[in-house]
Structure formats: C-alpha cells, structure tokens
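A short worksheet on the structure shown next.
The values are calculated or read from the model by the stated rules, or taken from the named source; none is laboratory data. Remember, predicted model here, so these are calculated numbers, not experimental data. When we count neighbours, we look across all protein chains shown, and the Cβ atoms used for this are built from the backbone with ideal geometry, even at glycine.
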Amino acid sequence: MTEVFNGQEEKDVFMRAYSSMLLSRMFDKKIVTAQRQGRVGFYTPTIGQEATQVGVSMALNPDDLVYEYYRDVPFMIHRGVPVEVLLDQIMGNSEDSAKGRQMPSHYNAKAQNFMSVQSPVATNLPLAVGAAYAIKHRKENKVVVTTFGDGSTSTPDFHAALNLASVYDLPVIFLCENNQWAISLPVEKQTKVEIWKKAEAYGAYGVKVDGNDFVETFKVAKDAVDRARSGKGPVLIEAVSYRIGPHSTSDDPSKYRSEGITEGSEKDPIVIAEKRLKDLGYITDEIIDKMKSEAKRIVDQKFDEREKIPPPKPESMYDDVYKEMTWIIKEEKGDAL
Amino acid sequence: MTEVFNGQEEKDVFMRAYSSMLLSRMFDKKIVTAQRQGRVGFYTPTIGQEATQVGVSMALNPDDLVYEYYRDVPFMIHRGVPVEVLLDQIMGNSEDSAKGRQMPSHYNAKAQNFMSVQSPVATNLPLAVGAAYAIKHRKENKVVVTTFGDGSTSTPDFHAALNLASVYDLPVIFLCENNQWAISLPVEKQTKVEIWKKAEAYGAYGVKVDGNDFVETFKVAKDAVDRARSGKGPVLIEAVSYRIGPHSTSDDPSKYRSEGITEGSEKDPIVIAEKRLKDLGYITDEIIDKMKSEAKRIVDQKFDEREKIPPPKPESMYDDVYKEMTWIIKEEKGDAL
Amino acid sequence: MSSKQLNMVQAINSTLDYALSKNDSVVLLGEDIGRDGGVFRVTEGLQAKYGSDRVIDTPLVELGIVGMSIGMALNGMKPIPEIQFQDFIFTAFDQLVNQAAKLRYRSGGQFNVPMILRTPYGGGIKGGLYHSQSGEAYFAHTAGLTVISPSNPYDAKGLLMSALEYEDPIIFLEPKKLYRSTKVDVPDEEYKVPIGKASIVREGNDLTIVTYGSMVPVVSGTVEKNKIDAEIIDLRTIMPYDGEAILQSVKKTGRAMIVHEAPRTLGMGAEISAFLAERAIDYLMGPILRVTGPDTPFPYRLEDYYLPNERKIMKAIGKLMEFR
Amino acid sequence: MSSKQLNMVQAINSTLDYALSKNDSVVLLGEDIGRDGGVFRVTEGLQAKYGSDRVIDTPLVELGIVGMSIGMALNGMKPIPEIQFQDFIFTAFDQLVNQAAKLRYRSGGQFNVPMILRTPYGGGIKGGLYHSQSGEAYFAHTAGLTVISPSNPYDAKGLLMSALEYEDPIIFLEPKKLYRSTKVDVPDEEYKVPIGKASIVREGNDLTIVTYGSMVPVVSGTVEKNKIDAEIIDLRTIMPYDGEAILQSVKKTGRAMIVHEAPRTLGMGAEISAFLAERAIDYLMGPILRVTGPDTPFPYRLEDYYLPNERKIMKAIGKLMEFR
Ligand SMILES: Cc1ncc(C[n+]2csc(CCOP(=O)(O)OP(=O)(O)O)c2C)c(N)n1
Ligand SMILES: Cc1ncc(C[n+]2csc(CCOP(=O)(O)OP(=O)(O)O)c2C)c(N)n1
Ligand SMILES: [Mg+2]
Ligand SMILES: [Mg+2]
C-alpha cells in the first residue's frame, strides 16, 4: 500500500488510524447530542475531517509540535490525547487543564505537544512559525504543524506566516483543512484560486490531497514532513474534505446550503477507510460493529463520569493573568468575593 | 513608438511626461538640500521612481482615482498637482490643505483625485478596493490606482486588498513600485518570489515592467487600465526601478548597501527618457538644458515664495477631529489657550 | 402612530431595512450576513430583498471589511460593516485607529468617513475569552471615533437612525445579551435618539449610577428591587459621553458610581470618575466607586462571577451610602 | 564600581548586548534592526556581533514580528521584538491582545509568553500623526500585558534587566524624545530597577504630580524653575502602576495631578484619578487635575502646542493651589 510500512506494521498503523477516526466520530455524535440536551454549551463538530487529521497525524513524531484549531478532535485523539482531557475542556470543569476558562472546542494538550486553541482564526499560524524558528535555532529535529480552515486563508495571519516561514526556510507544515465552507461562505467565494496554489506566492511548496482518504493524506503528509524536516522549508497542504455537520451547534446550514456529502455516503472518510481496510483484509463488518459499539461505550461512559466533576472555584478566575497576581487583581478579587 | 498616439500627439504626450519627470527631479534635489539646510523637517526622495509613476499616470483619465503613497511626487506632478500644493504640505504651513498636520511627504490633492497619504504602509490598499466598489456600484467608468513599495507586499493589507479586489472583480490597479529596498531590507529578503507572480494567488492579473523606462511602463499600464476598465478585474503591476536616494532624509544607506544605480547613469529614468526622446527626434541637448534650468528656476522660486507663509494658528489644531467639535475638545481647547 | 413590539434584533433589522430602502448608497458588508442572515440573525432577509451587491458576504478578513468600508465611505457611500464578534475587531484595529479615525483630521477636513461599524459585544452568552469582550474603551480612547451602545430596542432604532445621518465613523456596539431579552414598543415611523445625549432611566436623589449597554437592566433591576433612591444614567453614547447630564445628577445626589462589564482598569468608569474628580469634588460626599468586570480575560464557566450583578452593586451602594 | 556616561540609546544598546551575550535564547527581531542598526540606532552593532540569526531583520509585517515572537517565547526563547514606531503596532494588535496577553490565562497557566516588545513612542521629533503616538492606555487596558516606560538611561537599563527575567509579555515603551537628550552615569555591572515600583523623583509637600516617560523632565524642570514644593512620582511601570506610592504621597500633600502626552480621555490620567477618587477622597483638598495631550490626532507643525509644557503645568498647579 505504502512503501513506508511492512505488512504487520501497516496493519497496526492503519487499524490504529481507523480506531481514532471511529472514536472521534462517536465523540462528535455524543457531544452534538449532549449539546441538544443542554448538557454541553457549544461545540464545533469535526465530522468529515477525520481522515485529514488522522492522516497528517500519522506522519508525525510524538515530539513534533501542533498549533491546532478548534476542529481538531480526531488529530488530538490520534496523538494520544485522552478523551477525558477533551471532555473536561468542553465541560469547563475543575479538572480542565484550562480551568474552565475557554469556550468548548478550545482545547489544549501540552503533554501531546498541542498548543492552546484561540478563537480568532489563523492567528495560531504566526506562533507556529516562531515555534519553528526556536526549533531551528536549537537544531532540533522537529517539525511544526499548524491547522486552519479554507476561510482562514483570507486572513492577515495566513499571509504573514506563509511569507515568514518561507523567508527563513522553517520546518512548518501549514495544513489547510478545506471543508469547503467558512460558516456560510463557500470556498469559491472566499477566493478565486485553489488554496494549495497560494504557496507559490511565497516560494513555499504547495500540494493538494483528498482529505477524505486517510491513506492519501498520510502519504502526502509524510512527504511534506520529510521535506520540512530535512530543511527544505515550509509546505502548504490543502486537504479537501467536506464539513458534513453544521459549523457549530449554533449554526443552521439549511439557511445557506443544500446537502453535500452526508454521513455514511461513499465519500464519508469513515466509509472510505472501512472500504480500504476491508480490501486489505484487515477488517470485517463484524469487527467494525464491535469497534463501533466499543467506541460508543467508551465515550458514553467517560462523558457520564466527567459530567460529575464540579465547576472550578470562583476565586480561580483571578489566577494566571500574570505569573504573580498584581495588587490590582488582588483587590478586585477581594472586592468581589 | 506606441500604437496609441499619432505623431504630434505622441510628441506632446512624451514631452509632457519628460517635463514632469524633470520637474520632479528638480523638486527632489531642492527639498533634499533644503532639509540639510534645516529649512524642511523631513522628506522621502523619489529619485529613481519618476518613470514608473509618470508612465502609469499617462495611462489614466483625470477622473480616475489614486490612493498613493509617500513617494509619489512625480505621479502627482504629472497629473497636474501644483508644486505649491506639495511645498505647502512639506512645510506644513497655513496654506497647506491638511493644515500642517501631517509630516512631510504625506500629501493629498483632492482636486486631482489623490487621496490623503497615511504612514502605515499599504493600508491605503483596502481603501482603494472600497473606492472601486463604489465606482462599480454606481457603474462609473473609472479605475482606481493604488501604489506601494516592494516591502509593503508583506503586509496584511496587501493580502486583504488583493483578495477582495479579485473576489469582487473590481477595477483596481495595484502598482508596486519595486525600488528593491524597504529601508535597509533588500527585496530578496522580503520575499522569495517575484512580486508580480503574487497576483496568481488571488486570481488577479500580474505583470512586470521596467519601471525605469516611462514608455514601457506606460504601455503596460495602458493595458492594465484597459483591462480593469472593461470589467476584467484587478491588475498587479510590478514596476522595477531602484531607490537611488536614501529611504528618507533621516536614513544613511551606507550602513547597509553599496551603490546600485546612480544618478545620471544609464539606468537613471531621466537618462533613459532623454535617450528615447532624442532617438525620436523630439529633443536636443540644448532643449534639455533649457528645460532643466527652467524646472530648477520654478522650484527655487516657488520654494522661496511658500517658505514665507506662516504656520497654522495654534487653535486650528482642535478642528476636524469630528465634523462638530465635541464638548471635550472644546474644553481642552479652552484649557490650553 | 403605529408601533410594534420588537426585540433589539428586530429593531435593528427593521432600521437597516429602512436604510437600504431609502438610499441606494447604503450597503451592508460582513461575514455571513447575507445568505445566512448573520450569526445573530440581525441581517436576516436583507440580502434576499436588496441583492448580494448591497448586502455583501465577505471573505474572512476583518481588516478588509473595515478598509473597504472606509474606501466606500470616502466615495459617496454609506457602508454599514458588521464585525461578527467585537473580539475579532483587533485584526482590523489599525484600519480603525490609523485610517477611519484620522482621515478627517489629516486631510484638513477634506475627507470624512461616514461609516457605521456594527458589532455585538459583551458577555452573557457563555462565549468565553473570545466571544464576550467589551472593548469600548479602546475605541473611546481613539480621537475621531464615536462610540454608541444602546440598552433597549427603542434606543437601538433611534440611535441607528441618527447614525445614518452622521458624517464620522461610528462604532455601534450591540450588547448581545440584550438582543432578544425583551420586547418594547418601537414606533414604525422614523425617529431619532440624539448622539451624545444620555438618558435618565430613573430619577433619584441618593446617588447617581452611570452605566450603559447590558448593565442598564441589571442596575435598574437592582435599584428597583432594593428600593434604592438612585438616579440611573444610561450613557447611550459612550464617546462623546454626556458630561453635562452626569455632572447635573451628581451635583444633586452627591454620590457617584459607574457600572460596566469591561475590565476596571482604564475602562469607561475611569474616565467618568476622573471627569467628576476634576469638577464635582466639592459636591461629593464620598468616594466615586466602580463596579466592573475584573482585569482578567473573560472566563467561560465562571461568567456569572465575572459580570457585575446585584450583589456587587448593592455592596458598592452600601459603601457609598455610609458617607453623608 | 565602574560606570559610564550613557544616553538612553546607549544604555538600552548595552543591555541588549549583555542579554545576547549571556543567553543564547535571547533573539532580537524587527524591521531594519540588523544591518542598519535600527532607525534610532538602538541595536547598532549587534547583528555584526551575534549574527543575523539572533539579530533578525524581518520583512515588513508587524503582526508577523509579534506572532513569531510569541511562538518563540512559548518555546524556550526570549524574544525581544522591536516595532519601529509604536504607531505601527496596531497592525499587530490582535496578536498582542488576543494571543500574547491571554495565553497564560487561557491555558490555565500552562503556557506563558516571556517576550519584551520594545518600541519608541511619543512626540518631540516632529513626526506628525504617525510617528508620535502615545498608545500606553491601549496596552494598559489589556489584562495580561505589563507596560513599562523609562524616563532616563539608568532606569532604562535597570528596567530592561528586570524585564529579561520576567515571564510575561512586556510592552517596553521608549520615549523617543529622551533617546539622546541626556547622559547619566550608568553602572557597568548588572542591576535591576524593579517592575511595578514607581520612583519619587523629588519629594515635596504641596502637591503630588504623577507622570512618566518623556514628561518626567518637563515636570521636573517646571517644578524646579518655579520653586514649587511638589512631590513628583515617575511611574516607570505604567501597568501595574504603583498605587501605593501614589496614595502615600497624596495622603501627605492633599493635592494631585497627572501629566502625560497621550490624549486625555481614557489616558493613564483617568485611571490614576479614578484610583484616587476611590480611596483618597478624604485627603484631597481640591480636584484631581490632568495635564495631557488633547483628544486629537498628533499634529506635525503644531507639536509644541500639543504637548504638555511649563505653561500648561503651571496653570494647573495654580488652580490646584487655590484649594487649601
Ligand atoms: C478573525 C476571526 N473572524 C471571525 C471569526 C468567526 N468565525 C469563526 S469560525 C469562522 C469560519 C472559519 O472557516 P474556516 O477557516 O473555513 O474553518 P472551518 O470552521 O470551516 O473549519 C468564522 C468566520 C473568527 N473566529 N475569527
Ligand atoms: C506598517 C508600517 N510598518 C513600518 C513602517 C516604517 N517604514 C516606513 S517606510 C518602510 C519601508 C517601506 O518599503 P517599501 O514598501 O519598499 O517602500 P519604499 O519606501 O521603498 O518606497 C518602513 C519599514 C511603516 N511606515 N508602516
Ligand atoms: Mg472551512
Ligand atoms: Mg521599496
């Protein structure tokens, strides 16, 4: 299949990829349902982008850095971020590593080398460039991946980051997860040019891939990572998928689009993966069913478990603005409590 | 020479172009000298960019709009902005249309359809796009030209403006005056890619021209303007010249570069123009000398004349923040005087 | 005179509709404002009615939205850009501070920028750090900008009507928490609420509470419920704020406090307090107090602790009333 | 203990040199800071000494300079970006407000941004609208940022030394008017001026004048020349400002004024005044006055009328001294 793995190795790697995609999908469904039930405040579904993210994740080393965006649950799951960490963030409970401060879908996972997610889109990109500069400065053998949507290519930060990474030949993979929509704006109205081609304007290497197929994505990502790691400078990957769900749980796509790719249809990344794994003889319908119910069981169970965790203490709100609390904040804390 | 003009017409047009370039050059020398003498506070010389600007200006109608930058004296002179207007701005005297508020080289000339110049580079570009939107909305037969340097292509505003003008097919000519330096940074370190090629990233039309030759620049600009005027969308022109002088009167280029094109050398736009006009039989050395001393005389005389104009009245400082002075500013004015 | 019961979203929507219908130079532009009708539905139905050239869906670039609007405004149009959340305006901050705010001044009055930038702001919808900010002080500190924030549907329409004829750039801050919180009678006909004039929401004698936006109902509710004889001033226009109204009231009551969501340090409360400390010191019985959001980013889960509320307001009132 | 007579440019240059020599993680980056040595020559000679990988000439993109610096700071480096003029920082404002300032908070304390952003600010060099702005209030209103402005070469070195060990983002505002205005004795050895502590530039009993940056010599000169018994406080750190020092002084003198270049409305004077109106009202004999730049953009030719000067300060002192 790929020249990278031998037989058993490939099976293990692919099965792990599939398993991450499945877990992400079950996670997604669970949170969307929980949001409707009022158990979660908000969520940006990732359905449709599993293959893109897992494919790229497969090409990375554990110590490579990721400056991710709000839709990267499958990426995080595949790199070993425990589901609990994601749930605690979404719930904003007292075990959340960000102390319940961020809106749902604004994850972080330092242990797995994920940065903390901000809302203003693409503003993670210049940070990734700086991270890569640090890596190069210390002659470390790492690359930095940073992710963003198609809409985000119109931002100032996209332009700044692509140019700087190119000028300094930095090991950055710019992963554009082109799900073809930026909330209600289709990518054709975002820009007249295919996104991978924009790399040329900076002297970066640009490549397009079918982001619904984790194997294709993996192969392209592997090349890109090798390039970057060997000092050949940044790569812009345009991974084309489709945002199967709404932009967020607050969004109603029926206002602005008719249905495109649907769940379970032949372009669904999970369906494509299953077909591939079946063709390779790695999997059967029976195994699939078992894996699915196992994934669902895990998500349900963890959700119930994390839901019991209390919210953070009010006074924690005043911490971490600065390393040492200023007298001003101390007084405000005193006044309020 | 060009198919645009018949014989006498061409001579008139070319001679007028040359005359503008000459007047600009004399103006430049005068202000640089006056700055050294302490008679002017600051100035950004335009020497080397005369052909670029005059060539583009030749392709425009009087009612086309220009969102210019601080180095566009030749452009302004060729479109009929009186030297007095430029001098009053530079001196910041009480006849200055901007009431002495702006630093020298931040011109405006509403009568000739020039906007007022800001310092943050390239932030005029999105304004030009909005102007073009208004033109299209009213179905007017105008184009908008906006100018900026090579360094300015790295800015957020460049990216935003190029994309928006392309998405809405607007009649904007983006004139990049590539003088090969952004203060001390050579264009090769600004970006890895030739500037005209960046147009492709937006679906705009990009073209490069020898900006030292006013005829070449005119021809390319004429095409670009025709394109834009006929509704084919924006054009990015990269006009390559050389910043013969320092970045500004505060700058010392010997710190960071050895000499490139020098005044009077064969790539000097004035020298190129003279050669062309001689070859065409439009001009002789005698005429040149006469024109030069006439241009110098005009500039010297006007400078002395404008220098006598008093500064603006202190109380004028409080006007024009809003259409109607707020009570806050009124009080501050009262307090101070 | 006919009128309708409208919430703030409806009041703004109908005023935008009116503006578009009256004047071909009016255009709306922003992210998702067209087909989608805006993420808060404020522009719902307008693209269908006026076309995608006048209700313009833009690419994702705030600086472009603002920059283009300025260019339009300089050329005979009346652009009404929307920034989806005020939190995202900072990517366009240079265009606001260095272009919109300074164009009239730097051109000696030759050019001006009649643009109305609308944007939802403030907390109350569990938006966390990046969907809750109250940045009015950044704008109010910028000479050349006019900053407005309505606290109810009636004022929203009336202020927007005034804004349509205003010739300088306006930052029109819509307290998203109040978008659908109440309906009030809004006349169908044209009327204006003047820019620069506060409203006395409630007359009172014991103290003056200056507030605006989403805090107006919180302050009013607290005062009514606890039967405080407070005079409540709703600024409506944050910059230029109505100094005269504040001064008159404080001269009468002798006590002053300011309530807002934005962080305390250098929030509008600082300016109002300094204004009073400059010219009302002789009338003041006690300190000037501020009840505000703290100097921290805006937290998601603890939003209710972050925002000024009855308890915090009453605590400050209690402290003020000790002075006589 | 050896020392040298240095102006502020030299004091900063030698401190940056020290920082680069001590710690390989320190990098400088900005426009024209390398070959050219910076448009104010603050980084002169450093690229030649430490190489273009550590004293980095960047393309013309402030948001990239700041964004890259944040990324470096998150990864074990100590970046010292320079913004050529503070006026141009607004194109990077989102990176400052929404990234640098909020990273520690939003990550629950896991990530932090030890960056020192240096930038020349203020008037006095005939820079007009875009080379003269004093934007400290924008930064000081932003929770998470620390804002410093030295008023002399000694403090410049000492504050920068403290900044090198500080773990949160600092906006280091260099009053460009003072870059070369005086030389003072600056010790060769390491020393620190603490962040968050004001200095009492002059003790006095009749009134307290709070100021910072370029206004310190103007205030001092005025007070000396006119033999006013004023206590002068140089904030040095603008945020968090030294409330305790201000309060102590005002309790003693009973009169307070604030002097700064930035526009009055919502300038630092507003915050200091509000701070005092909250807790020193009982000690105050008269109003709290502000002598500041007006709420207009910064004019070129009339710069001298714009800036606070002896006449304006004396007028305010006169007014204050009427109260006893
Ligand atoms: C600077 C900025 N402007 C606006 C928004 C509001 N917003 C959130 S997501 C989004 C669309 C993003 O589209 P895309 O980049 O394609 O990513 P996707 O959500 O499709 O994965 C918008 C406009 C934002 N988060 N940041
Ligand atoms: C946003 C911004 N950053 C920095 C500056 C300071 N500055 C003024 S001109 C200049 C270089 C511009 O180079 P280029 O765009 O090539 O134009 P040129 O001056 O060469 O004509 C710089 C960095 C500025 N004016 N605006
Ligand atoms: Mg998308
Ligand atoms: Mg240049």
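Results for (1) more than 9 Å from chain B (Cβ to nearest Cβ); (2) more than 26 Å from C:Gly128 (Cβ to Cβ); (3) surrounded by fewer than 21 Cβ atoms within 10 Å (Cβ to Cβ), shown as yes or no for each residue.
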| residue | (1), (2), (3) |
| --- | --- |
| C:Ser2 | yes, yes, yes |
| C:Val9 | yes, no, no |
| C:Asp32 | yes, no, no |
| C:Arg35 | yes, yes, yes |
| C:Val42 | yes, no, no |
| C:Gly45 | yes, yes, yes |
| C:Ala73 | no, yes, no |
| C:Ile83 | yes, no, no |
| C:Gln86 | yes, no, no |
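In the stretch C:171-181, is there at least one residue being in a loop (DSSP other than H, G, I, E, B) and of a type in the set (Asp, Glu)?
no
Quick check on A:Glu263: is it more than 14 Å from chain B (Cβ to nearest Cβ), within 24 Å of the chain's Cα centre (by Cα) and not in a loop (DSSP other than H, G, I, E, B)?
no
Looking at the stretch A:234-254, which of the residues that are within 14 Å of chain C (Cβ to nearest Cβ) and small (Gly, Ala, Ser) is farthest from A:Ala131 (Cα to Cα)?
So, considering only residues that are within 14 Å of chain C (Cβ to nearest Cβ) and small (Gly, Ala, Ser), the one farthest from A:Ala131 (Cα to Cα) is A:Ser254.
Kindly list, by first and then second residue, each pair from a residue in the stretch C:1-16 that is touching a residue at least 12 places away in the same chain (Cβ under 8 Å) to a residue that is part of a helix (DSSP H, G or I) and charged (D, E, K, R), limited to pairs with Cβ atoms under 7 Å and residues at least 6 apart or on different chains.
Going by the 7 Å Cβ cut-off, the qualifying pairs are C:Ala11/C:Lys157; C:Thr15/C:Lys157.
B:Val129: more than 16 Å from ligand 2 (Cβ to nearest atom), crowded, with 24+ Cβ neighbours inside 10 Å and more than 10 Å from chain C (Cβ to nearest Cβ), yes or no?
Considered against the rule, which asks whether it is more than 16 Å from ligand 2 (Cβ to nearest atom), crowded, with 24+ Cβ neighbours inside 10 Å and more than 10 Å from chain C (Cβ to nearest Cβ), B:Val129 comes out as no.
Among the strands (runs of 3 or more DSSP E) contained in the stretch C:1-104, which hold 1 or more residues that are within 22 Å of B:Ala132 (Cα to Cα) and touching a His at 6+ places or on another chain (Cβ under 9 Å)?
C:26-30
Output the residues belonging to the stretch A:236-250 that are assigned to a loop (DSSP other than H, G, I, E, B) and in contact with a helix residue (DSSP H, G or I) (Cβ under 8 Å, 6 or more places away or on another chain).
A:Ser241, A:Gly245, A:Pro246, A:His247, A:Thr249
Taking the stretch B:105-126 as the region of interest, how many residues are within 7 Å of chain C (Cβ to nearest Cβ), away from ligand 1 (no atom under 16 Å from the Cβ) and more than 28 Å from B:Phe303 (Cβ to Cβ)?
So the answer is 2.
Just a yes or no: is a residue in the stretch A:161-183 in contact with a Ser or Thr (Cβ under 6 Å, 6 or more places away or on another chain), part of a helix (DSSP H, G or I) and within 14 Å of chain D (Cβ to nearest Cβ)?
Checked the stretch A:161-183: at least one residue is in contact with a Ser or Thr (Cβ under 6 Å, 6 or more places away or on another chain), part of a helix (DSSP H, G or I) and within 14 Å of chain D (Cβ to nearest Cβ).
List, please: which pairs have Cβ atoms under 8 Å, are six or more places apart or on different chains, and start with a residue in the stretch A:20-41 that is of a type in the set (Gly, Ala, Ser) and end with one that is surrounded by fewer than 18 Cβ atoms within 10 Å (Cβ to Cβ)?
A:Gly41/C:Lys126
Out of the residues in the stretch B:198-212 that are farther than 25 Å from B:Asn141 by Cα, in contact with a Lys or Arg (Cβ under 9 Å, 6 or more places away or on another chain) and within 7 Å of another protein chain (Cβ to nearest Cβ), which is nearest to ligand 3 (Cβ to nearest atom)?
Going through the qualifying residues, I end up with B:Ala201.
Just to be sure I understand, how many residues within the stretch D:88-126 are more than 7 Å from every other protein chain (Cβ to nearest Cβ) and of a type in the set (Lys, Arg)?
1
Could you please let me know if A:Val145 is more than 10 Å from every other protein chain (Cβ to nearest Cβ) and within 16 Å of ligand 1 (Cβ to nearest atom)?
yes
Cβ contacts < 7 Å: first residue within 7 Å of ligand 3 (Cβ to nearest atom), restricted to the stretch A:176-188; second residue at pLDDT below 95 and in a strand (DSSP E or B), any location; separation 6+ or different chain. Result?
Going by the 7 Å Cβ cut-off, there are no qualifying pairs.
Table: residues versus (1) buried (at least 16 other Cβ atoms within 10 Å of the Cβ); (2) in a helix (DSSP H, G or I); (3) touching a residue at least 24 places away in the same chain (Cβ under 8 Å).
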{"site": "C:Ile195", "(1), (2), (3)": "yes, no, yes"}
{"site": "C:Val216", "(1), (2), (3)": "yes, yes, yes"}
{"site": "C:Ser220", "(1), (2), (3)": "yes, yes, no"}
{"site": "C:Ile228", "(1), (2), (3)": "yes, no, yes"}
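Just the residues that are more than 24 Å from the chain's Cα centre (by Cα), away from ligand 3 (no atom under 16 Å from the Cβ) and not aliphatic (A, V, I, L, M), please, taken from the stretch C:46-70.
C:Gln47, C:Lys49, C:Tyr50, C:Gly51, C:Ser52, C:Asp53, C:Arg54
So, in the stretch A:134-156, how many residues would count as being over 14 Å from A:Leu236 (Cα atoms) and touching a helix residue (DSSP H, G or I) at 6+ places or on another chain (Cβ under 6 Å)?
Within the stretch A:134-156, residues that are over 14 Å from A:Leu236 (Cα atoms) and touching a helix residue (DSSP H, G or I) at 6+ places or on another chain (Cβ under 6 Å) number 5.
Specify the residue that is nearest to D:Lys126 (Cα to Cα); the eligible residues are those in the stretch B:231-273 that are among the acidic types (Asp, Glu) and touching a residue at least 12 places away in the same chain (Cβ under 8 Å).
The selected residue is B:Asp251.
Only one of (1) surrounded by fewer than 24 Cβ atoms within 10 Å (Cβ to Cβ); (2) within 14 Å of chain A (Cβ to nearest Cβ); (3) touching a residue at least 12 places away in the same chain (Cβ under 8 Å) is not met by C:Met321, so which one is it?
Unmet for C:Met321, out of (1) surrounded by fewer than 24 Cβ atoms within 10 Å (Cβ to Cβ); (2) within 14 Å of chain A (Cβ to nearest Cβ); (3) touching a residue at least 12 places away in the same chain (Cβ under 8 Å): (2).
So in the stretch C:259-303, with the set limited to residues that are in contact with a Gly (Cβ under 7 Å, 6 or more places away or on another chain) and away from chain A (no Cβ under 14 Å), which one is nearest to D:Tyr105 (Cα to Cα)?
Restricting to residues being in contact with a Gly (Cβ under 7 Å, 6 or more places away or on another chain) and away from chain A (no Cβ under 14 Å), the top hit is C:Ala274.
For the stretch D:31-44, state whether one or more residues are over 28 Å from D:Ser181 (Cβ atoms), at pLDDT 95 or above and β-branched (Val, Ile, Thr).
Within the stretch D:31-44, not a single residue is over 28 Å from D:Ser181 (Cβ atoms), at pLDDT 95 or above and β-branched (Val, Ile, Thr).
Go through the stretch C:230-252 and give me each residue that's more than 14 Å from chain B (Cβ to nearest Cβ) and either part of a loop (DSSP other than H, G, I, E, B) or surrounded by fewer than 21 Cβ atoms within 10 Å (Cβ to Cβ) (or both).
If the condition is that a residue be more than 14 Å from chain B (Cβ to nearest Cβ) and either part of a loop (DSSP other than H, G, I, E, B) or surrounded by fewer than 21 Cβ atoms within 10 Å (Cβ to Cβ) (or both), then C:Arg236, C:Lys251, C:Lys252 are the ones that fit.
Yes/no matrix, rows are residues, columns are (1) in contact with a Gly (Cβ under 7 Å, 6 or more places away or on another chain); (2) within 11 Å of chain D (Cβ to nearest Cβ); (3) assigned to a helix (DSSP H, G or I); (4) over 18 Å from C:Gln110 (Cα atoms):
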{"residue": "B:Thr52", "(1), (2), (3), (4)": "yes, no, yes, yes"}
{"residue": "B:Pro62", "(1), (2), (3), (4)": "no, no, no, yes"}
{"residue": "B:Phe75", "(1), (2), (3), (4)": "no, no, yes, yes"}
{"residue": "B:Glu84", "(1), (2), (3), (4)": "no, no, yes, no"}
{"residue": "B:Gln89", "(1), (2), (3), (4)": "no, yes, yes, no"}
{"residue": "B:Glu95", "(1), (2), (3), (4)": "no, no, no, no"}
{"residue": "B:Met103", "(1), (2), (3), (4)": "yes, yes, no, no"}
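Within the set of pairs 6+ apart or on separate chains, which have a first residue in the stretch C:132-146 that is without any contact (Cβ under 8 Å) to a residue 60 or more places away in the chain and outside the structural domain of C:Ile272 (by TED's automatic domain parsing), a second that is of a type in the set (D, E, K, R) and surrounded by 24 or more Cβ atoms within 10 Å (Cβ to Cβ), and C-beta atoms under 6 Å apart?
Pairs found: C:Ala143/D:Asp295; C:Gly144/C:Lys102.
Restricting to the stretch B:219-235, count the residues that are surrounded by fewer than 18 Cβ atoms within 10 Å (Cβ to Cβ) and part of a loop (DSSP other than H, G, I, E, B).
3
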